[in-house]
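Values quoted throughout were computed directly from the atomic coordinates according to the rules given, and no laboratory measurement underlies them. Computed from a prediction, not measured in an experiment: that's the story for all the values here. All Cβ positions, even for glycine, are placed from backbone atoms using ideal geometry, and neighbour counts span all protein chains on display.
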Ligand SMILES: [Zn+2]
């Protein structure tokens, strides 16, 4: 593997995606459709043996930028669910900024930290 790019996060994601795709397509009764699941697998293998290390690194960086946004959304949603009895999550009616309010305090007068617009919210 000297001079070759090797495996990275995108390769791992491609392998997992290929595995999941082959599992899903197993249940679709169309002949040879499951062959599609070899495409991400083939691309992952191509990337591992590629000599164009710079380009593969750029691909991985782009993938990680997208992935961190997806993972961040899941992390925040999970945290909101865990805090649902203590906090009420709402959005500013003016700028759509997400706002966390303490729960069970009745009607609150809220000032948006982003646009300073004031509005009332029942908590
Ligand atoms: Zn606002």
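Hey, fewest Cβ within 10 Å first, where do 59, 120 land in order? Could the numbers behind the result be given before it?
Values: 59 18, 120 8.
Ascending number of Cβ neighbours within 10 Å: 120, 59.
Can you tell me the orientation of helix 9-25 relative to the chain, as the angle in degrees between its alpha-carbon axis and the longest Cα principal axis, to the nearest 10?
Computed tilt is about 90 degrees.
Between residue 111 and residue 32, what length in nm is gained on full extension when 0.36 nm per residue of separation is reduced by their alpha carbon distance?
22.6 nm
Under 1.5 on a/c is rounded, so check that first for the stretch 81-123, then, if it is not, pick prolate when a/b is larger than b/c and oblate when it is not; a ≥ b ≥ c are the square roots of the alpha carbon gyration tensor eigenvalues.
Values: a/c = 2.76, a/b = 1.48, b/c = 1.87.
Judged from the Cα gyration tensor, the stretch 81-123 comes out oblate (a/c at least 1.5, b/c at or above a/b).
Among 91-97, 67-73, how do they line up from the highest to the lowest mean number of other beta-carbon atoms within 10 Å?
Ranking the peptides 91-97, 67-73 by packing returns 91-97, 67-73.
If each residue of separation counts as 0.36 nm, what is the full-extension length gain between residue 82 and residue 2 once their alpha-carbon separation is subtracted?
The span from residue 82 to residue 2 would gain 24.1 nm if fully extended.
Take the Cβ-Cβ distance between residue 24 and residue 58 as r, set R0 to 25 Å, and report the resulting FRET efficiency rounded to the nearest 0.05.
Computed FRET efficiency for residue 24 and residue 58: 0.25.
Helix-only mean residue ellipticity at 222 nm, the chain, DSSP H runs n ≥ 4 weighted -39,500 (n - 2.57), per residue, nearest 500. What is it? Write down the numbers at each step before the final one.
Details: 3 runs with 59 residues, N = 123.
Counting only the DSSP helices, I get -16500 deg cm²/dmol.
Mind running the shape call on the stretch 4-74? Use the C-alpha gyration tensor, a ≥ b ≥ c as the square roots of the eigenvalues: rounded below 1.5 for a/c, prolate if a/b tops b/c, oblate otherwise.
Oblate.
Largest first and in whole Å, what are the equivalent-ellipsoid semi-axes of the chain based on the Cα gyration tensor, each being the root of 5 times an eigenvalue?
46, 21, 12
Taking only C-alpha pairs under 8 Å that are 6+ residues apart, what is the relative contact order of the chain in percent?
Value for the chain: 19 percent.
If one takes the longest principal axis of the Cα atoms in the chain, at what angle in degrees, from 0 to 90 and to the nearest 10, does the Cα axis of helix 53-82 lie?
Here the helix axis deviates by roughly 40 degrees.
Give the angle, between 0 and 90 degrees and rounded to the nearest 10, that separates the Cα long axis of helix 38-49 from the longest principal axis of the Cα atoms of the chain.
Computed tilt is about 80 degrees.
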